[in-house]
Every structure is written in C-alpha cells, then in structure tokens.
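*Asks:* Input: one structure, supplied below.
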Amino acid sequence: MSAVTPPVTQPIAQRRGGLGRFRRSSWTTHLVLVALMLLWLVPTVGLLVNSFRERADANSSGWWTAILPPYEFTLSNYEAVLGQSGLADAFVNSLFITIPATIIPIAVASFAAYAFAWMDFPFKNALFVLVVGLLVVPLQLTLIPILRLFGPNGLDIGGSFLAVWLAHTGYGLPFALYLLRNYMGGLPKEVFESASIDGASQATAFFRLALPMSVPAIASLAIFQFLFTWNDLLVSLIYIGTNIENQPLTLKVANLVNSLGGNVHLLTAAAFVTMALPLVVFFALQRYFVRGITGGAVKG
Amino acid sequence: MDDLILAAVVVVGIPAVLVGYILLTEQILKVFPERRRARVRPWLWLLPALAFLFVFLVYPAIGTFIDSFKDRRSGDFVGLANYQYVFGSPDVLGAIKNNILWLVLFTGLTVGFGLAIAILVDRVRYESTAKSVIFIPLAISFVAAGVIWQTVYAFQPAGQPQTGPLNAIITTFGADPISFVRNATTGTFALIIVGVWIWTGFAMVILSAGLKGISAELLEAARVDGANEWHVFRHIILPLLMPTIAVVATTMVITALKAFDIVYVMTNGAFDTEVLANRMYQELFSFSQFGRAAAIAVVLMLAIAPLMIANVRRFREQEALR
C-alpha cells in the first residue's frame, strides 16, 4: 500500500538545525522522549532476553528478572529452532525468495521508468496515473485469479519459488516504477540533451547516464523491496502455502506460533532468527531506507 | 540444488535478458526511419513492465470482480448473493466493525504519536538515535512483531508470577491479571497497539521531513512576537504541515483497511478480533468459498477507492508543479 508524498526538498541529515532549534528543549521534552524510546524498545528487549532463557525460567518468571545476576543464559533455544524446527532451511528459503524478488522488479521497472521519464508517447500520463492508482490495490483483490493461473490448470507452478518471484515482481512494480520514474525525471535535462546532440542513442543514454545517476534511488528501492519480501507473510502463505520444502521464515514462524503455543523460549528465539537479517540491513543502510520512504512515495 | 541453479539463472539471467532485449530492439529499430523509431521505441521499453502489471494486477482485479458474482467454485452466476452474505453475516459484519476500529484508532494513534515525536526530536541533540529507536519495528516482520507482543501481553492465572510486563505491573497494584489478547473486550485494541508500535516510525519519518521544511526563522519570528509554544504549534506548524499529515493519514487508513498479518498470527480472528483481510483468507482456504472471498476483496477495494482517487489527484497536482 502506498501514498503519494509531497517532494521533500531537503535531505534529512542536513539542517539538523542551528542552536535555535535546540533552545526549546526542556526537561519535560527529554522525559517524554526517553519514556517513548523505552516504550518502543522494551518489547524487543524482552523478546531477546527470553530467547536466551531456559524453558523453566521463561515460563515461571518475567524476563526482567533475568537481567540481574546470576546470569543463566543458554543458546539451546536457538539450536532447537534452527535444527528441529527447520528454521535454518527456512532462512535459506527466505534468501531464495527475497534476492530474485528484489532484483527482477527493479530490472523490469528501470527501463519502463526511463521511458516514462524521458520518452514521448500517447497516453503517457494516463498510463502513469494507472500506475499511481495500482499502488494501493489490496493484494486480496488479485489472489483468486492468480492462484488459478499458478494452479494445475494454468502454469502449474503452485508452491514453487518461481510463483513467488513472479507474484512479488508484479506486486512490487507499481512502487518501483513510481519511485524510479520520479527520480529519473528529476535528473538534469541538459545531460540528456547534450548526449542526444552528441549522437548517443536512447539505449546509450539509459545505460551510461540514467542508470548510473539513479544508483541512490535504486539502492533505496532495493532495500525497500528486500525488507518487504523478507517480511512478507501473505504472498508466501497464498502461493507457497503448505509446500513445506519452500516455506520462508515468516511462514514457518507463523506456523510455529500455533504448534509451539506456550513455548515462549522457542518462539522468541524463532522470532529473533527472522529479525536478525532485516535488523542488520536496517542499521547498515538506514539512510537509504528512510530516503526511500520520504523520496516521493511509500509502501507497506 | 536445482533451486540454487534456478535462482542463479534468474538473478543473472533476467537482467541479462532484459538488457539483451533492449539492445536487440535498438538494432531492429535501425531499419525504421528516425520518426517511426521514436514512436515505436517507448512501447518496446514499456512492454515487460506493462505485461507484469496487467497479468498480476489489472487482469486479476477484473477476474475477482466477476468471481464475486459467482458461486463458491466460480461456476454459475449467483447475482448479489455473495454481497448479501457479506453485509448480512454477523461474522463479516464483526470484521467490518473491527476494521472501522482499526481505521479510527490506528490512524489517529500513528499520526498522533508520529507528529508528537517528530516535533519533540526536532529539539534535542540525540534526534537520529531517537528516530532509529522508534523506526526499528518497521524493519521487522509482522510475524516477529506478533511474537514480541505475545510476550508483552503474556498472561498467567492470578496468584502465579506473571511473565508479561503488563500483567506484572497490573498485579503489583493489586488488580487481577488480564488476558489482553484472548478476550473479546480488549483483543482488537491489543492488536491495534501492535500495529501502532510498528507504524508510528513511518508516520514520524515523513512528518519529520515535512517539519524540517518549515523555516526556523518563521517560527523564531512568531516566538519573538510573543507566541507561546502551543500557539506556534497550533497556528503555524499545524497548518503548514497539513498536506503532509493528509498524506500520512491516507497511507495509515489504507494500512488499517488491509490489516492482515498481525491478526492472522496473534488470534486468527478469534476472540472478536476478525478483520476483512483475514476473513477473506478464511473464506478462501478454510471454507473454499471463492465467491464470498471475492466479494470481501471487492468491498475492501471499494473502501480504498476514495483514497486511491485522492492519491491520483495529489499526484496530478504535484505534476502540475514540475
């Protein structure tokens, strides 16, 4: 789902303000902010602590009792979920799903985005308005016909990785097109004009100019699509479903919530396994992620 | 192993095929005179993307619309029977009621918290740290968030030591522990709070970017003229930020209408927490009622349609300014 956001004129990092902005901070500001930060952090900390506790401890006392000595932490929960519960395999499946599902839509979108930005053709605006409209179409509206298309009477690829790659490409395209077209359209006109005067073809202008100049937007998009597909549950649930061999982490853990029920020590470890990679990506590339959200469009 | 080869072929192959396709069409276009070339080329460049959009979004949307007038196996037409079911069955009406609760509370709280935090972090030196903390939940899956909040809401019978922080606090003050999630009175609220925890960072980031666009001199001038902080917020920041707030609110309303993962993982719609998206999944896979599932999807789309129109209109206004 997405919305059209107004263009943000200034990068976030800049303009953190002169002293004028800071002068207004009072102790209540700090108090409220720190309280909110704790409120947002504590749930995740609780999960992390519980995932390192023995079954008996996790079921008989709150996690906050474990952060004081004596420390009795264990790695056995992680051994259990990665081994018996099959999360190690699911982790690999998630990578299998996510990497092509990130690369394909970006590749498909970049050519079309360039055409939308720098070529003239009839119905150009109408077509792009359609793309903007498609940004918000709920996936639910597409499930039944696509299931049929992937089913035994159609392409017969139900439950396969290919099905999920194709679906994610289709679903991710409106946002990819929207973001890339806006970015490419904002590149300086003179660059393309002088390239054209020098006799460069559109293909040359695209590969040598537009694409390299759009790397920041492509990076934002890649992180976005990566996190979106890694964290996706619905698409895998529908198109992979019960094919256990291909289930990604989210689907596996959602099933564990039902089968493991009260086993807090295992569930928390399982949840953390799904979070590990997104958290690394987020902290390493936060800037691009935020730019993807504010840079013209948003998606969830 | 086969999958590994397939994935490698796909990751390298698809971009290579696309590049090859573009270069090949350029070669073929050389046959045509320049004017014809410029007319044909855009469509060749658009073709792969338009094909995906059509096959995965446009065609299935039309298909679902037609299916919503057909029976459970998408066989015979049944008129409006599926819609009669949607607006007549207490289960689906309960889901609609909960979606409205989501729409109002989730949107109000994410925008409210997001705005408050955006304004507060603007005044402190640890702005980026504070933003990161609020933003983290957006990077993790709703499934993981569901598990995280199960530990927050954890419930043990009265008299036993509580393992969830919320009930530990409540019982310290002498009250009885509450089963927040498995409870028809509090269930939906408990799930909405999980959604707010995830999405507030999103609202904050956009609102904060909008806030940075308001000139510091303007705010300073108002303060010099004697306006207090509330007046500055009420009469300068709020009106100037209104377009941004509208954008964020639109996105949040759409998110609220599409809420699925949190409900699916935490309750699967039990304890009066059902929502339309989860109900649609149930109709599809638990009850094999394709017609009814399609009708629910169409209702969802109709609820989102006004926001889609607002989005398109906003896009057109921005384009006019380019």
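*Asks:* What is the spin-label model distance, in nm, from A:Ala88 to B:Leu24 if the labels are put 7 Å beyond Cα along the C-beta direction?
*Replies:* Going by the 7 Å Cα→Cβ label model, 4.3 nm.
*Asks:* May I pose another question? Work out how much length B:Arg313 to B:Ala221 would gain on full extension: take 0.36 nm times their residue separation and subtract the Cα-Cα distance, in nm to one decimal.
*Replies:* That works out to 29.7 nm of additional length.
*Asks:* Another one. Enumerate the aspartates and glutamates that A:Lys189 could reach by cross-link, defined here as Cα to Cα under 20 Å, with residues fewer than 8 away along the same chain left out.
*Replies:* By straight Cα distance, A:Lys189 reaches A:Asp120, A:Asp198, B:Glu319.
*Asks:* Does the protein assembly as shown come out rounded, prolate or oblate, given a ≥ b ≥ c as the square roots of the eigenvalues of its C-alpha gyration tensor, rounded meaning a/c under 1.5 and, failing that, prolate meaning a/b above b/c?
*Replies:* Because a/c hits 1.5 or more and a/b fails to exceed b/c, the protein assembly as shown counts as oblate.
*Asks:* For segment B:2-67, build the charge dipole from Cβ charges (+1 Lys, Arg; -1 Asp, Glu) around the Cα centre, then report which of B:Leu47, B:Phe32, B:Ile14 sits farthest towards its positive end.
*Replies:* Ranked along the dipole, the leading option is B:Phe32.
*Asks:* Taking the Cα-to-Cβ direction at B:Phe173 and at B:Phe189 and moving 7 Å from each Cα, how far apart do the two end points lie in nm?
*Replies:* Simple spin-label model gives 1.3 nm for this pair.
*Asks:* Assigning unit charges at the beta carbon (Lys, Arg +1; Asp, Glu -1) and nothing else, what dipole magnitude in debye, to the nearest 20, does the protein assembly as shown show about its Cα centre? Provide the component values of the computation, followed by the final result.
*Replies:* Numbers: 40 positive and 33 negative charges, 335 e Å.
Dipole of the protein assembly as shown, to the nearest 20 debye: 1600 debye.
*Asks:* Once phi is turned into ³J(HN,Hα) by the Karplus curve 6.51 cos²θ - 1.76 cosθ + 1.60 with θ = phi - 60°, what whole-Hz value does each residue of segment B:55-70 show in order, with x for glycine and proline?
*Replies:* Once rounded to whole Hz, the list reads 5, 9, 10, 6, 4, x, 4, 5, x, 5, 4, 5, 4, 5, 9, 10.
*Asks:* Could you give the size of the charge dipole of segment B:2-67 about its Cα centre, using +1 on the Cβ of each K and R and -1 on the Cβ of each D and E, expressed in debye and rounded to the nearest 20?
*Replies:* Its charge dipole is roughly 660 debye.
*Asks:* So what is the 222 nm mean residue ellipticity for the protein assembly as shown from helices alone, if each DSSP H run of at least 4 adds -39500 (n - 2.57) and you divide by all residues, rounding to the nearest 500 deg cm²/dmol?
*Replies:* It lands at -21500 deg cm²/dmol.
*Asks:* Any idea what angle helix A:264-294 forms with the longest principal axis of chain A, computed on alpha-carbon atoms, 0 to 90 degrees, nearest 10?
*Replies:* On a 0 to 90 degree scale, this one is about 30.
*Asks:* If you don't mind, another one. For segment B:73-177, what's the radius of gyration and Dmax over Cα atoms, in angstrom?
*Replies:* For segment B:73-177, the Cα-based Rg and Dmax read 21.4, 65 Å.
*Asks:* Count, for each residue of B:199-209, the Cβ atoms from other chains sitting within 10 Å of its Cβ, then give me the mean as a whole number.
*Replies:* Counting other chains' Cβ atoms within 10 Å and averaging over B:199-209 gives 4.
*Asks:* Sorted from fewest to most neighbouring beta carbons within 10 Å, what does the list A:Met119, B:Met301 look like? Intermediate results must be reported in sequence, preceding the final value.
*Replies:* Details: A:Met119 16, B:Met301 19.
With the sparsest Cβ surroundings first, the list reads A:Met119, B:Met301.
*Asks:* Stretched out fully, how many nm does the piece from B:Phe65 to B:Val31 gain, at 0.36 nm a residue minus the Cα gap?
*Replies:* Details: separation 34, 0.36 × 34 = 12.24 nm, distance 4.39 nm.
Stretched fully, the B:Phe65-B:Val31 segment lengthens by 7.9 nm.
*Asks:* Give the Cα extents of chain B along the principal axes, in whole Å, largest first.
*Replies:* 84, 64, 48
*Asks:* If you place +1 on the Cβ of every Lys and Arg and -1 on the Cβ of every Asp and Glu, how big does the dipole about the Cα centre of chain A come out, in debye to the nearest 20?
*Replies:* 1080
*Asks:* List the residues whose amide H sits under 5 Å from the amide H of B:Lys70, counting only those 5 or more places along or on another chain, with H placed 1.01 Å from N in the peptide plane.
*Replies:* Distant-sequence amide H within range of B:Lys70: B:Val78.
*Asks:* Turning to a different aspect of this structure: Of A:Phe52, A:Thr229, A:Phe123, which is farthest towards the positive pole of chain A's charge dipole, taken about the Cα centre with +1 and -1 on the beta-carbons of Lys, Arg and Asp, Glu respectively?
*Replies:* Final value for the positive-end residue is A:Phe123.
*Asks:* For chain B, modelled as a Gaussian network with Cα springs under 10 Å, which listed residue fluctuates most, B:Leu29, B:Leu191, B:Leu80?
*Replies:* Its mean-square fluctuation being the largest, the pick is B:Leu29.
*Asks:* Still on this structure: Need the C-alpha centroid separation for segment B:61-92 versus segment B:153-173, integer Å.
*Replies:* Measuring centre to centre over Cα atoms gives 45 Å.
*Asks:* If you don't mind, another one. Where does each of A:Ser214, B:Ser215 land when they are ranked from fewest to most other beta-carbon atoms within 10 angstrom?
*Replies:* Listed from fewest to most nearby Cβ atoms, that is B:Ser215, A:Ser214.
*Asks:* Tell me which chymotrypsin sites (Phe, Trp or Tyr not before Pro) from segment A:66-112 have a DSSP coil assignment and no more than 16 other beta carbons within 10 Å of their own.
*Replies:* Within segment A:66-112, the qualifying chymotrypsin sites (Phe, Trp or Tyr not before Pro) (loop, at most 16 other Cβ atoms within 10 Å) are A:Tyr71, A:Phe73.
*Asks:* In segment B:145-208, which chymotrypsin sites (Phe, Trp or Tyr not before Pro) fall in coil by DSSP and have 12 or fewer other Cβ atoms within 10 Å?
*Replies:* Passing sites in segment B:145-208 are B:Phe173.
*Asks:* Which whole-Hz ³J(HN,Hα) couplings does segment B:219-226 yield from phi under the Karplus relation 6.51 cos²θ - 1.76 cosθ + 1.60, θ = phi - 60°, glycine and proline marked x?
*Replies:* With coefficients 6.51, -1.76 and 1.60, one gets 5, 5, 4, 5, 5, 4, 6, x Hz.
*Asks:* With angles folded into 0 to 90 degrees, how steeply does helix A:215-231 sit against the dominant principal axis of chain A? Use alpha carbons for both and round to 10.
*Replies:* 40
*Asks:* Here's something else I'd like to know. Using 20 Å bins from zero, what percent of all Cα-Cα pairs in chain A falls into each bin?
*Replies:* 26, 49, 23, 2
*Asks:* Estimate the FRET efficiency between A:Ala284 and A:Val45 by the formula 1/(1 + (r/R0)^6), using the beta-carbon distance for r and 22 Å for R0, to the nearest 0.05. Write out the running numbers ahead of the final one.
*Replies:* Working: r = 21 Å, r/R0 = 0.95.
Working from the Cβ atoms, E equals 0.55.
*Asks:* Tell me which lysines have Cα within less than 23 Å of B:Lys131's Cα, excluding those fewer than 8 residues away on the same chain?
*Replies:* A:Lys299, B:Lys212
*Asks:* Okay, moving on. At what distance in angstrom do the alpha carbon centres of segment B:223-270 and segment A:138-174 lie from each other?
*Replies:* 34
*Asks:* Along Cα→Cβ, 7 Å out, is where each label goes; now give me the distance between the ones at B:Tyr126 and A:Asp120 in nm to one decimal.
*Replies:* Taking the two extended label points, one gets 5.7 nm.
*Asks:* Okay, moving on. Is segment B:2-67 best put as rounded, prolate or oblate by its Cα gyration tensor, with a ≥ b ≥ c the root eigenvalues, rounded for a/c under 1.5, and otherwise prolate when a/b is larger than b/c, oblate when not?
*Replies:* Oblate.
*Asks:* With θ set to phi - 60°, apply the Karplus curve 6.51 cos²θ - 1.76 cosθ + 1.60 along segment A:189-206 and write out the HN-Hα couplings as whole Hz, x wherever there is a Gly or Pro.
*Replies:* Once rounded to whole Hz, the list reads 4, 4, 4, 6, 5, 5, 5, 5, 5, 6, x, 6, 6, 4, 4, 5, 4, 5.
Values in this text are rule-based calculations from the coordinates and carry no lab data. Since the structure is predicted, the reported quantities are computational estimates derived from the model, not experimental observations. Cβ atoms come from the backbone with ideal geometry, glycine included; neighbour counts cover every protein chain shown.
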